[in-house]
Amino acid sequence: MTTNPTNPLHDLHPAAEAVARLAEGVADARLDDPTPCPDYAVKELLGHLIGLAGAFRDAARKELGATTDTDPQSALPTLPDDWRTALPRRLDELSRAWSTPSAWEGQTRAGGIDLPAAIAGQVALNELVVHGWDLARATGQPYAPDEASLRVSYALLEPTDGDGGRGTIFGPAVDVPEDAPLLDQVVGRSGRRPDWHPEA
């Protein structure tokens, strides 16, 4: 697959695999630790990742229903007991679903919102990239997402007239130097401080 702007297909495998590796490195003792998402501890962030992976998997398959109709902000995510096996399985299903060209065609739904499938796929990728950073930073793990995924996120999060690209999902963009690493620029565009640490 490619991240050529003229081709909507993007490979979600690298980002999904990066999140799976991070989740594997989360100790049980860290589940109540804070994350860059103000309302989420690590356990809620992991629960959110399971939920979004299922929702965007079904959005790719055009299997619209409870998973694709639920507003992710309607309730605090819960972490199932089997999360250590459930999350990597969902992430694999997600990336496989979006590896099918037809997934990027037509319309679909995610978070209760109807949108072009090509945009939904980019949103799914961005969710993995940004929440991967959240999880890595919260649990003190290294994180180096692939450049192709970062560029998709950077373009998706570009501020636009009217709402500054924020919508209701992200907070105000954080200013980041133009010569900062691309990951820091993506994090800033998502409304996060690249220097965030749990103890801060």
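Quick test for you: out of ASP92, ASP69, pick the one residue that is modelled with pLDDT under 95 and either open to solvent by 50 Å² or more (accessible area, probe 1.4 Å) or under 16 Å from ALA117 (Cβ atoms) (or both). Being modelled with pLDDT under 95 and either open to solvent by 50 Å² or more (accessible area, probe 1.4 Å) or under 16 Å from ALA117 (Cβ atoms) (or both) holds for just one of ASP92, ASP69, which is ASP69. Residues of the stretch 12-25 that are open to solvent by less than 50 Å² (accessible area, probe 1.4 Å) and either free of Cβ contacts under 8 Å to residues at least 24 places away in the same chain or touching a Leu at 6+ places or on another chain (Cβ under 7 Å) (or both): LEU12, ALA15, ALA16, VAL19, ALA20, LEU22, ALA23.
Is the stretch 122-135 home to any residue that is open to solvent by 40 Å² or more (accessible area, probe 1.4 Å), closer than 18 Å to ASP184 by Cβ and at pLDDT 95 or above? Checked against the condition, which is being open to solvent by 40 Å² or more (accessible area, probe 1.4 Å), closer than 18 Å to ASP184 by Cβ and at pLDDT 95 or above, the stretch 122-135 yields no hits at all. In the stretch 123-149, of all residues being touching a Gly at 6+ places or on another chain (Cβ under 8 Å) and of a type outside the set (Ser, Thr, Tyr), the one that is farthest from ALA23 (Cα to Cα) corresponds to PRO145.
Screening ASP161 against (1) open to solvent by 30 Å² or more (accessible area, probe 1.4 Å); (2) at pLDDT 95 or above leaves a single unmet condition, (2). Hey, does the stretch 2-9 have a residue that's in contact with a Ser or Thr (Cβ under 7 Å, 6 or more places away or on another chain) and modelled with pLDDT of 95 or more? Within the stretch 2-9 (the criterion being in contact with a Ser or Thr (Cβ under 7 Å, 6 or more places away or on another chain) and modelled with pLDDT of 95 or more), the answer is no, since none of the residues qualifies.
The values are calculated or read from the model by the stated rules, or taken from the named source; none is laboratory data. Small disclaimer: the values here were computed from a predicted structure and weren't measured. Cβ sites come from the backbone with ideal geometry, for glycine too, and all protein chains shown count toward neighbours. The protein model used for the area step is the full one, side chains on, heavy atoms only, and it has no ligands, DNA or RNA in it. Shrake-Rupley method; radii C 1.70, N 1.55, O 1.52, S 1.80 Å.
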